[in-house]
Amino acid sequence: MKLRVRNIRLPLEYKASDIKELAAKKLKVRMKDIASCRIQKKSIDARRKTVHFNTTVDVELNVDVCITPEVMELPEITLVEEINISQLVPGNRSMTFAPVIVGSGPAGLFCALRLAQAGYSPVVIERGQDVDRRMQQVDRFWREGTLNEKSNTQFGEGGAGTFSDGKLTTRIGDPRIDYVLETFVKYGADEEIQILKKPHVGTDVIRQVVKDIRKEIIRLGGEFYFDSCVTDLIVNKGVINSIIINNETEMPCSLLVLAVGNSARDVYKMLYRKNISLIPKAFAVGVRVEHPQELIDRIQYGDFAGRNRLPVADYHLTYQDRSTGRSLYTFCMCPGGYVIGAGSQAGQVVTNGMSYFKRDSGIANSALVVTVHPGDWDHEPLGGVKLQEELEHKAFLMGGENYHAPAQYMTDFLDYRPTESLEGSLATFAPGVTPANLWKLLPQEVAEVMRRGLLAWGKRVNGFVHEQAVLTGVETRTSAPLRIEREASMCSVNVEGLYPCGEGAGYAGGIVSAAVDGLKVAETIITQFKVPATRPEIRSDTITRGSDLR
């Protein structure tokens, strides 16, 4: 019998035997009655005077051990049911060509992996470069401000998550999450991500992980094509027929998974022109805020800050503005990280957060964003895209038209005062920062909500409003500004054979939820269609074939 035992408190310096002892006490059995015991989830509880780990433990009991009915009725004790998502029966519908997946972010990558494991030989089309060449382009952008619009922090192998903290936190509950985490571990991530409440891979590790997943997909019969931007869809009588790549190469297509990420604005506009149903949705805009990491550690851990087993601290703050109905919240918090240039179009500045596995930069950063709603742009399907583009271009101009970002000390922002100099500041943004007045960048109502929220947090969290804290703008790519409408079958409401998928389609919000959505789409395809006989191929001198790469 396997049982899950929640709320086991462990001291920071716990031993393995402590886990077994406390689990036995909760289950009212002897320690020798337990065959095995492992931590299933672990988080840090710093709400009391003593900081400790709060854990959920999976306990395997010896075959002859019984648990009393009274114990089994406790809310902290549940029976573990093993769920296997891998056993799928292929459907009966015919598919002339193998599935084509546009985008190699988490949604596209996990969709392709699942299809490849089932023998469907998927073809992945990626507008950007493979991760090795992509890293060179991004490093050049951060050093010199030279932007490659086709391959950057948004576009390329692994999607936007390749240049991020690699956070695997999610609020969804789905058995596929375990599969996602196990896959990350299998291809190089630290095993601890399977038990931490807030796991992260680190941008340095995730780059190798996505590369190795690509190699596995190819080994199983799939194929990748890089430098391959989908510029048109050919639809005949409501059915997908083919796609046009780089405005010149046509690829036949029976089934198309659209997992393009939330920065593929050219794809959004192309879908709009083709009358494919798009629904505007809320998202959030704002800035990145940076603090000394040591300050955040002290705020969260108090006197326990710096203890060996404690990781660098993170935080999550929210504020509901009553007068406007808007929310201010922190998002994508990167302890020990960096603020980076994440633009993907010429003449636009975008911020994002990134950290390496060790999270040792000494600077904590987080998005600080305010909700915006379809009503702000009269519910136009592409209105949110337009708002993003306007803010990003304004940030470009304010930064000096060289991809530097406008930045301001938090205290100056609160006092409506422009920052005159950022020399010696915490600001880590690459390519660089320009002192500015962010009140001239953000919409007035957004800036006012941000100010009221910061003042409220300053009263609630001693030290958060700090003289060294820096705000850098603009943060706009928090989530997709629209949704590509699909039916319960995961297929587009307009076009048969078109499967909108992941964060860019408006159905996910982060690496794990996007990966899970990719798995769901793959499973839908498997259970509906037979294994295809033919895999479409591209022949072009301008396109890089994945199987030709190391």
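The values are calculated or read from the model by the stated rules, or taken from the named source; none is laboratory data. These figures come from a predicted structure and were not determined experimentally. As a convention, Cβ positions derive from the backbone with ideal geometry for all residues, glycine included, and neighbour counts pool all protein chains shown. Side chains included, ligands, DNA and RNA excluded: accessible areas come from the protein's heavy atoms. Shrake-Rupley method; radii C 1.70, N 1.55, O 1.52, S 1.80 Å.
Summary of values
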quantity: Net lengthening on full extension, ASP139/ARG47 (0.36 nm per residue, minus Cα-Cα); calculated: 29.1 nm
quantity: Separation between Cα centres of segment 480-550 and segment 330-397, rounded to whole Å; calculated: 25
quantity: Anchor LYS26: lysines whose Cα lies under 23 Å away (excluding residues fewer than 8 positions away in-chain); calculated: LYS2, LYS15, LYS41, LYS42, LYS197
quantity: Accessible area (Å², per residue) of segment 11-135, counting only protein heavy atoms and a probe of 1.4 Å; calculated: 50
quantity: The chain, dipole about Cα centre (Lys/Arg Cβ +1, Asp/Glu Cβ -1), debye to the nearest 20; calculated: 1120
quantity: Loop GluC sites (Glu not before Pro), segment 150-251 (other Cβ atoms within 10 Å of the site Cβ: 10 or fewer; DSSP); calculated: GLU248
quantity: Entries of LYS150/LYS440; LYS198/LYS520; LYS386/LYS459; LYS167/LYS520 with Cα pairs more than 28 Å apart; calculated: LYS150/LYS440; LYS386/LYS459
quantity: Sparse-neighbourhood loop sites, GluC sites (Glu not before Pro) in segment 452-550 - DSSP loop, at most 16 other Cβ within 10 angstrom; calculated: GLU467, GLU485, GLU487, GLU537
quantity: MRE, 222 nm, helices only [DSSP H, n ≥ 4, -39500 (n - 2.57), over the chain, to nearest 500]; calculated: -8000 deg cm²/dmol
quantity: FRET efficiency, THR78 to LEU455 (Cβ-Cβ, R0 41 Å, nearest 0.05); calculated: 0.45
quantity: Structure-derived volume of the Cα convex hull per residue in Å³: which label, when the choices are [x] 190; [y] 222; [z] 163; calculated: [z]
quantity: Apportionment of accessible area to carbon and sulfur, the chain, percent (1.4 Å); calculated: 47
quantity: Amide H contacts under 5 Å for GLY105, placed H, 5+ residues apart; calculated: GLY158, GLY159
quantity: Amide hydrogen neighbours beyond the local backbone of GLN40, cut-off 5 Å, H modeled; calculated: THR56, VAL57, ASP58
quantity: Residue-by-residue Karplus 3J(HN,Hα) for segment 11-23, coefficients 6.51, -1.76, 1.60, Hz, glycine and proline x; calculated: x, 4, 9, 5, 10, 4, 5, 4, 4, 5, 5, 6, 5
quantity: Exposure of LYS198 as accessible area (Å², to 10), given a probe of 1.4 Å and all protein chains; calculated: 100
quantity: Accessible area of segment 340-419 divided out per residue, in Å², using a probe of 1.4 angstrom; calculated: 36
quantity: Per residue value of the accessible surface for segment 438-550 (all protein chains in place, 1.4 Å probe), Å²; calculated: 39
quantity: Cleavage-rule hits, GluC sites (Glu not before Pro), segment 25-130, DSSP coil, Cβ neighbours within 10 Å at most 14; calculated: GLU73, GLU76, GLU81, GLU82
quantity: Nonlocal amide H pairs with LEU168, under 5 Å, H built at 1.01 Å; calculated: HIS200, VAL201
